[in-house]
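Nothing in this text is a laboratory measurement; each read-out follows from the coordinates by a stated rule. Fair warning: this is a prediction, and the values are worked out from it, not measured in the lab. Note: ideal-geometry Cβ built from the backbone for every residue, glycine included; neighbour counts use all protein chains shown.
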């Protein structure tokens, strides 16, 4: 693994590239305190796709977010990057397109992962494979390669006034019980989605043990599951349609979130909300909610568990056979622990 130390006083502008994946962008915030601490005179910018910018735009350590649309030409994106005259470009994504952008950035220091077919793009490379650590900590390898001290391993999402105002206007109309528990049936892959019938079972068992409001949060692809849960769970509350900023506000009003492996799950953890992730095709040790207030549940003894398949070839046994009592037990433990801390 090649290392190269950079004189911090020479660095005035740093660009981090993480174009997509709301959860991936949020997990990449693990680098920000470390970059800011090491390059104290530098501005930190981010490059994302337009739809994902609000996953990072409110972070106080990020001075500017550059954006592009998926069908924008390579030349137009490169022109935008080169106009900023970055001293360092850190390609936290390291896919073929971001490798091209980094290579053409004009930056003196071009840092990325030495994946096959992309080594040409970087003059400082991290020779580490994918998935050897939690995906949040994987980002830190690109800092270690230039000997930046790791002073923080925290991820963050920062609420805006818009977040707070939207959330308050909604939850102030709710007759609050002891706890507000958010349920998120989202999942980027079909195989990551806990079946809606299982969600109903989980919620009904939870309500037997905890005096709580159930808030169902959803994105455009989840509306059918969300409505099914709402229609089959008495007194449950269907959240309004939200963008990232608005969803963050609603999440912040919850005492606990239970979610599939998804961007909103990582958003919840970044906000410091106790979070339980439900896992089947993906590995929670690498992709679980990244905070000390969080936990996960997985049926680890299943023959096909952590298959990484986009579509389940069986019948989603990983969710249907998941231990509901374990979910409820961990939920109650997190609620009690967080109550004591607060």
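With neighbours defined as other Cβ atoms within 10 Å of a residue's Cβ, the residues 200, 171, 14 order from fewest to most as 200, 171, 14.
On full extension, the segment bounded by residue 162 and residue 231 gains 21.9 nm, given 0.36 nm per residue less the C-alpha separation. Taking the longest Cα principal axis of the chain as reference, the axis of helix 161-171 is set at about 10 degrees. Put in order of Cβ neighbour count within 10 Å, fewest first, the listed residues 287, 303 become 303, 287.
Assuming 0.36 nm per residue, please report the length gained on full extension of the stretch residue 75 to residue 137 beyond their Cα-Cα distance. Kindly include the intermediate steps, with their values, before the conclusion.
Numbers: separation 62, 0.36 × 62 = 22.32 nm, distance 3.17 nm.
Between residue 75 and residue 137, full extension yields an extra 19.2 nm.
Modelled spin labels at residue 338 and residue 119, positioned 7 Å past Cα toward Cβ, are 4.6 nm from each other.
A Gaussian network model of the chain, with springs between Cα atoms under 10 Å, assigns the largest mean-square fluctuation among 214, 124, 311 to 311.
Evaluate the relative contact order of the chain (contact order divided by residue number), counting alpha-carbon pairs under 8 angstrom at least 6 apart; express in whole percent.
Values: 682 pairs, mean separation 54.1, N = 342.
Relative CO of the chain lands at 16 percent.
Between residue 85 and residue 37, how high is the FRET efficiency from 1/(1 + (r/R0)^6) when r is the Cβ-Cβ distance and R₀ = 30 Å? Nearest 0.05. Computed FRET efficiency for residue 85 and residue 37: 0.85.
By its C-alpha gyration tensor, with a ≥ b ≥ c as the square roots of the eigenvalues, how is the range 8-144 shaped: rounded for a/c under 1.5, else prolate for a/b larger than b/c, else oblate? It comes out rounded by the Cα gyration axes.
Arrange the following residues from fewest to most other Cβ atoms within 10 Å of their Cβ: 45, 158. If you can, show how the numbers build up before the last one.
Numbers: 45 20, 158 16.
Fewest-to-most ranking of 45, 158: 158, 45.
A simple packing score, the average count of other Cβ atoms within 10 Å per residue, orders the peptides 89-96, 58-65 as 89-96, 58-65, with the highest score first.
Relative contact order (percent) for the range 161-341, with alpha-carbon contacts under 8 angstrom and 6 or more residues of separation? It would help to have the intermediate numbers written out before the result.
On the way: 324 pairs, mean separation 43.8, N = 181.
For the range 161-341, the relative contact order is 24 percent.
When shorter helices are ignored and each DSSP H run of at least 4 residues is given -39500 (n - 2.57), the per-residue value for the chain at 222 nm works out to -9000 deg cm²/dmol. With contacts taken as Cα pairs under 8 Å and at least 6 residues apart, the range 8-144 reaches a relative contact order of 23 percent. Comparing mean-square fluctuations of 246, 43, 80 from a GNM of the chain with C-alpha springs under 10 Å, the top value falls on 80.
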